[in-house]
1. Would you mention how many residues in segment 46-65 are open to solvent by less than 50 Å² (accessible area, probe 1.4 Å) and farther than 18 Å from Pro350 by Cα?
2. Could you list all residues from segment 295-305 that are part of a loop (DSSP other than H, G, I, E, B), in contact with a strand residue (DSSP E or B) (Cβ under 7 Å, 6 or more places away or on another chain) and either of a type in the set (Lys, Arg) or surrounded by 15 or more Cβ atoms within 10 Å (Cβ to Cβ) (or both)?
3. For Cys82, indicate whether it is within 30 Å of Val122 (Cβ to Cβ), at pLDDT below 80 and surrounded by fewer than 15 Cβ atoms within 10 Å (Cβ to Cβ).
4. Taking Lys72 and the conditions (1) of a type in the set (D, E, K, R); (2) at pLDDT 85 or above; (3) over 25 Å from Leu347 (Cβ atoms), which numbered condition does it fall short on, given that it satisfies the others?
5. Please state which of the following conditions His314 fails to meet, knowing it meets all the rest: (1) open to solvent by 20 Å² or more (accessible area, probe 1.4 Å); (2) out of contact with any helix residue (DSSP H, G or I) (no Cβ under 8 Å at 6 or more places or on another chain).
6. Taking segment 1-40 as the region of interest, how many residues are under 30 Å from Val248 (Cβ atoms), part of a helix (DSSP H, G or I) and open to solvent by less than 40 Å² (accessible area, probe 1.4 Å)?
7. Having 2 or more residues that are among the β-branched types (Val, Ile, Thr) and modelled with pLDDT of 85 or more is the bar; report the helices (runs of 4 or more DSSP H) wholly within segment 308-400 that clear it.
8. Name the pairs: first residue in segment 55-75 and part of a helix (DSSP H, G or I), second residue of a type in the set (A, V, I, L, M) and buried (at least 17 other Cβ atoms within 10 Å of the Cβ), Cβ to Cβ under 6 Å, at least 6 apart or on different chains?
Amino acid sequence: EGHEGFVCNRCRAGFSRQTPQQPCAPCAPLWQIAVVNVLLAVATLMAFFILTALAKRGAASPRAEVPSQLTKIGLSHITAVCGLAFVVFDESIWGDQIASLVGPFFAWDGGVPQSYQVWECVLRHDKCVLYRHAMWLALPLLWLTIAPLVASGIDRARRSFKPRRRIGNDDSISLATDSYLRSLSAPPSVTDGKREEAAAKGPYQRSVTFQEDSRAEPVTPPSCQHSFVQRNSSRWRQLFDDRGTMMVVVLTLIHPTVTKSMLALLQCRPYPFVDTVIPIAEGESVSLLSTDPADVMRRRMDLDSDVICGSAEHVPFLWIAVAGLSLWTLAPVVCGVAFLWRHRDGLQDPHTRRRVGFLYAGYRKPYVFWDAVLAMRRVLVLLIAQQATAQPRQQLLGWTVVAAVCVALQLTVWPFDRGSMDILNRTELRGLLVWLMSLFVMQ
């Protein structure tokens, strides 16, 4: 019920699902869908603001680095276990019950929370499932624009609602300062008439002449001709200085969500070839229909089995996936490592820590780039989950190898700072051991 299309892979009108592995369920009312999406957007902005505040505290004081790093470690392990939502327990007697319980619980990938019902329940297009993943090519840019703008608006609102008394005191102090500066810069004839008379009697009398018909326009000095360009560049630099930490936080949170969506567009699965319409003459047996051995199996998209991989219908989504992985999955990691390597001698500078300290705060000096290792671990987990769908043994084996390598690296290098009773290294190691032991038990 609620399914249609090739191998019942699509949801009918009025039905939707959160992941391709879940069955289609009736759509919720429109007001409920709107409320859920608004709440998720507000929760995402609050997560951005909280992580940004923790990152700035960690940049200001080394003792405050622990909360932000613990948050990143927790999100990384959530991404590691979210692959369980893709495990299919086909060989178990209680396979359907286990999958129905495990799938929704581990559906969150540790990134931006989202609800896809608005695409299938409101738009009702036959390619809604593909569009909802392809939209993540542009959504990161939208979050990178909205989050700093909202933060700037909140800061302006806070400044505008300062106490009246404080504003009055500031204005009086400013007025007094301006009056004092004008008195210093004014000529003696304006400030004191007696001083002018005394100066006229002295040996160094100064005369001032005025030209009544002088209409010469002032000439802008060369040093001021580029002031407008410099002012604009300084504004962008100031914006990056003020919101650089938030941009790094946004890129960190959207990284697993973009990767998961783009990999889903690349996922194909072989299916037996079946024409859209099979004509059967009256009295003809289906078993006697001729088949083409070359067309026994066709690779189709796992998100929408009606789309054949490599066809003209699939190529646009293929390029969107490649562009998304290159722009939002690999490029931030490469640029982050290159930035840290170029400024490796000035990473303890307060200005640098305030801008990008969220990337390396809490790590020992030789391992300031370790965030890239955690990011690649996320990518491998999601890659195994997406590309080995319906192959639980291969999925569990791949994750076991990744977990074992991560445990070995953690025991070898201990990348986190040893302060605060070595809580960061201990938390990371225990999380990896729990992940590894769980995979062994599931196998």
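1. Residues in segment 46-65 being open to solvent by less than 50 Å² (accessible area, probe 1.4 Å) and farther than 18 Å from Pro350 by Cα: 3 in total.
2. Asp302, Asp304, Ser305
3. no
4. Answer for Lys72: the failing condition is (3).
5. Exception for His314: condition (1).
6. Looking only at that region, the number is 0.
7. Of the helices (runs of 4 or more DSSP H) lying wholly inside segment 308-400, those with at least 2 residues that are among the β-branched types (Val, Ile, Thr) and modelled with pLDDT of 85 or more span 315-324, 331-342, 370-387.
8. Within 6 Å, the pairs are Gly58/Ala361; Glu65/Ala361; Pro67/Leu54; Ser68/Leu54; Ser68/Ala55; Gln69/Leu424.
The values are calculated or read from the model by the stated rules, or taken from the named source; none is laboratory data. Everything numeric in this text was worked out from a predicted model, so none of it was measured. Heads up, the Cβs are rebuilt from the backbone with ideal geometry, glycines too, and the neighbour counts pull from every protein chain shown. Keep in mind that these areas ignore ligands, DNA and RNA; they rest on the heavy atoms of the full protein, side chains included. Shrake-Rupley method; radii C 1.70, N 1.55, O 1.52, S 1.80 Å.
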